[in-house]
Amino acid sequence: MRRLLLALLLFILTTATAYADAAVGDTIITLGQDLKPAQKEQIKSRFNAPNAQEITVTNAEEHKYLEGLLSKSVIGTRAISSAMIQIAEPGKGIVVETNNITWVSKAMYENALATAGVKDAIVKIDAPFPVSGTAALTGIMKAYETVTGKKIDETQKKVANEEMVTTAKIGETIGDKEKAAELLTRLKAELAKQTSKLSDDQLREMIRSVADQMGLNLSDAEIESLVSILRKIQNLDIDWNKTLEQVSSYKGKIQEFLNNNPEAKSLVQEMLLFLKHLIEQILSWFK
């Protein structure tokens, strides 16, 4: 009985600690340093968060994570993209809204933010005129760190940016951004099923298999770009079963993927059974 109570106490403390630094509803806005005063007011008005804390994102910060992934001309010399992030209730996942973002889709942001370790947040991304949106991810991660007080691992930040750019490029070549985002989500779900890390050849086989299931004909270059990002993703040693739950755009489909994984399903059933017995024991003890 003492062990059960200790387990329950540890569970409660862990849950409380996870949200100790940020309360549901806490909101922060990141504004591009090179926005004109009127543009800042316009974007803040659309965010409609008058009491939100504000921080600034610079072009140098954008270059830090995007150099080598995009040409300097594409990244640009000005910080324009802005974002708002609001802490949501546990289980909400990452929900993204965009305005004037032309190259990166909502699901791409959700996927990349989940890879970076962001959890349960409402995110709005905006610009005063149409922009690609690649630089916005830097601001969102900076805002999340500020509002939660938790530092995101630098490697995760870089992998998240590379994932976003890789997905956007594939979406551009196949002519369907949503298909590209779903492809990455499915591939992550496949990684979640693995009990050990896959070799590059195994990753290629997995990519071709998933692409075939989706009716996508990927070029060798696209497959290699996916191999590169998946290799980095699996090296993060993240619990992808939990991380994928954050991708709101594909929550239903992800559950289907995981339901087809007997090991994952069995684990969930075991956890639910343990919690059921734990509650019964506690209630019995109080009686």
Meets criteria (more than 15 Å from the chain's Cα centre (by Cα), surrounded by fewer than 18 Cβ atoms within 10 Å (Cβ to Cβ) and assigned by TED's automatic domain parsing to the domain that holds residue 53) for residue 173: no
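Would you mind stating whether residue 185 is over 26 Å from residue 76 (Cα atoms) and either surrounded by 24 or more Cβ atoms within 10 Å (Cβ to Cβ) or in contact (Cβ under 8 Å) with a residue 60 or more places away in the chain (or both)?
Values: over 26 Å from residue 76 (Cα atoms): yes; either surrounded by 24 or more Cβ atoms within 10 Å (Cβ to Cβ) or in contact (Cβ under 8 Å) with a residue 60 or more places away in the chain (or both): yes.
So residue 185 fits the description; yes.
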- prompt: Of 95, 74, 57, which residue is closer than 20 Å to residue 248 by Cβ and in contact with a helix residue (DSSP H, G or I) (Cβ under 9 Å, 6 or more places away or on another chain)?
  reply: 95
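Might you let me know whether the range 90-98 holds any residue that is of a type in the set (D, E, K, R), touching a residue at least 12 places away in the same chain (Cβ under 8 Å) and farther than 25 Å from residue 150 by Cβ?
no
Mind listing whichever residues of the range 84-99 are among the small types (Gly, Ala, Ser) and within 16 Å of residue 116 (Cα to Cα)? I'd like the intermediate steps shown before the answer.
Narrowing the range 84-99 to residues among the small types (Gly, Ala, Ser): 88, 91, 93.
Within the range 84-99, just 93 meets the criteria.
With the structure loaded, tell me whether residue 165 is β-branched (Val, Ile, Thr), within 15 Å of residue 104 (Cβ to Cβ) and either more than 20 Å from the chain's Cα centre (by Cα) or surrounded by fewer than 21 Cβ atoms within 10 Å (Cβ to Cβ) (or both) or whether it fails that test.
Considered against the rule, which asks whether it is β-branched (Val, Ile, Thr), within 15 Å of residue 104 (Cβ to Cβ) and either more than 20 Å from the chain's Cα centre (by Cα) or surrounded by fewer than 21 Cβ atoms within 10 Å (Cβ to Cβ) (or both), residue 165 comes out as no.
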- request: Answer with yes or no whether residue 158 is in a helix (DSSP H, G or I), under 24 Å from residue 34 (Cβ atoms) and in contact with a strand residue (DSSP E or B) (Cβ under 8 Å, 6 or more places away or on another chain).
  value: no
- line: Only one of (1) crowded, with 23+ Cβ neighbours inside 10 Å; (2) out of contact with any Lys or Arg (no Cβ under 8 Å at 6 or more places or on another chain) does not apply to residue 53, and that is (1)
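The values are calculated or read from the model by the stated rules, or taken from the named source; none is laboratory data. No experiment lies behind these values; they were computed from the predicted model shown. In this analysis, Cβ positions are derived from the backbone assuming ideal geometry, glycine residues included, and neighbour counts consider all displayed protein chains.
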